[in-house]
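Worksheet: one structure, shown below.
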């Protein structure tokens, strides 16, 4: 099972886990000189994925962990940050087409993606988790999901992880619906990113839910760039290193998750 979990986790992407296969006609990568000359770093993001990138109250200012991290990076680079919001299923196509210079949307680094995109150093690290109702001791590992019912989005690789673990799947549209079914006792568990659960727990307080198991491997999430963006990636990495050293990443982590998820 450990080998299966590791293989599946490599494919996991936060925000639904879509593989993000690139198009065949990638534009040339953005360079640091280009960005600094324009004075703007254009960032692709969803704007609908709390707590990473969302609008407060549904229609307020764009905010979130990823939003604040890339804004801090832009400040270090001495440029403005402009966001282009797009659906997850179209976000890699937008990067390929040159609509933006970088994706800030909890993109997991996978071998497939590394072959076609450049990545910054990770700015979040998180395992996958099994979430159950508090006090339910019938599930304490991913193996225990065999024969159980889990609530999963069918477009998510968390769905793949649950299915590979032997679970029966109840299709849902997202985390909120999964939690509702779990609390109602209509499913036994849900599998998701630990960061999502931490935000839910921080926002809701006593949720009546708990983590029953974690994957041995962690997803490493980073900013994604078109190939050929070497100078820009290097500058972003240097900015992230400074933000990590001065405590900015820790502060933002604790603001959104109540824990340091940056390393």
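For the subset of region 173-193 comprising residues that are within 19 Å of residue 51 (Cβ to Cβ), at pLDDT 90 or above and touching a strand residue (DSSP E or B) at 6+ places or on another chain (Cβ under 6 Å), which member is surrounded by the fewest Cβ atoms within 10 Å (Cβ to Cβ)?
Filtering region 173-193 for residues that are within 19 Å of residue 51 (Cβ to Cβ), at pLDDT 90 or above and touching a strand residue (DSSP E or B) at 6+ places or on another chain (Cβ under 6 Å), the one surrounded by the fewest Cβ atoms within 10 Å (Cβ to Cβ) comes out as 178.
Restricting attention to region 39-56, which residues are touching a residue at least 40 places away in the same chain (Cβ under 8 Å) and outside any strand (DSSP E or B)?
Hits for region 39-56 are 39, 46, 50, 51, 52.
Could you say whether any residue in region 173-190 is in contact with a helix residue (DSSP H, G or I) (Cβ under 9 Å, 6 or more places away or on another chain), in a strand (DSSP E or B) and farther than 17 Å from residue 70 by Cβ?
Among the residues of region 173-190, at least one is in contact with a helix residue (DSSP H, G or I) (Cβ under 9 Å, 6 or more places away or on another chain), in a strand (DSSP E or B) and farther than 17 Å from residue 70 by Cβ, which makes the answer yes.
If a residue must be crowded, with 22+ Cβ neighbours inside 10 Å and assigned to a helix (DSSP H, G or I), how many such residues does region 212-232 contain?
1
Is it the case that region 68-91 has a residue that's in a loop (DSSP other than H, G, I, E, B) and surrounded by 22 or more Cβ atoms within 10 Å (Cβ to Cβ)?
Looking through region 68-91, none of the residues is in a loop (DSSP other than H, G, I, E, B) and surrounded by 22 or more Cβ atoms within 10 Å (Cβ to Cβ).
Among the residues in region 92-108, are any closer than 30 Å to residue 212 by Cα and out of contact with any helix residue (DSSP H, G or I) (no Cβ under 7 Å at 6 or more places or on another chain)?
Yes, because at least one residue in region 92-108 is closer than 30 Å to residue 212 by Cα and out of contact with any helix residue (DSSP H, G or I) (no Cβ under 7 Å at 6 or more places or on another chain).
Yes or no: residue 47 surrounded by fewer than 23 Cβ atoms within 10 Å (Cβ to Cβ), within 16 Å of residue 174 (Cβ to Cβ), modelled with pLDDT under 50 and in contact with a strand residue (DSSP E or B) (Cβ under 9 Å, 6 or more places away or on another chain)?
It is false that residue 47 is surrounded by fewer than 23 Cβ atoms within 10 Å (Cβ to Cβ), within 16 Å of residue 174 (Cβ to Cβ), modelled with pLDDT under 50 and in contact with a strand residue (DSSP E or B) (Cβ under 9 Å, 6 or more places away or on another chain).
Do you know which residues across region 100-128 are in a strand (DSSP E or B) and surrounded by fewer than 24 Cβ atoms within 10 Å (Cβ to Cβ)?
Within region 100-128, 118, 119, 125, 127 qualify.
The values are calculated or read from the model by the stated rules, or taken from the named source; none is laboratory data. A quick note: this is a predicted structure, and the numbers were derived from the prediction, not measured. All Cβ positions, even for glycine, are placed from backbone atoms using ideal geometry, and neighbour counts span all protein chains on display.
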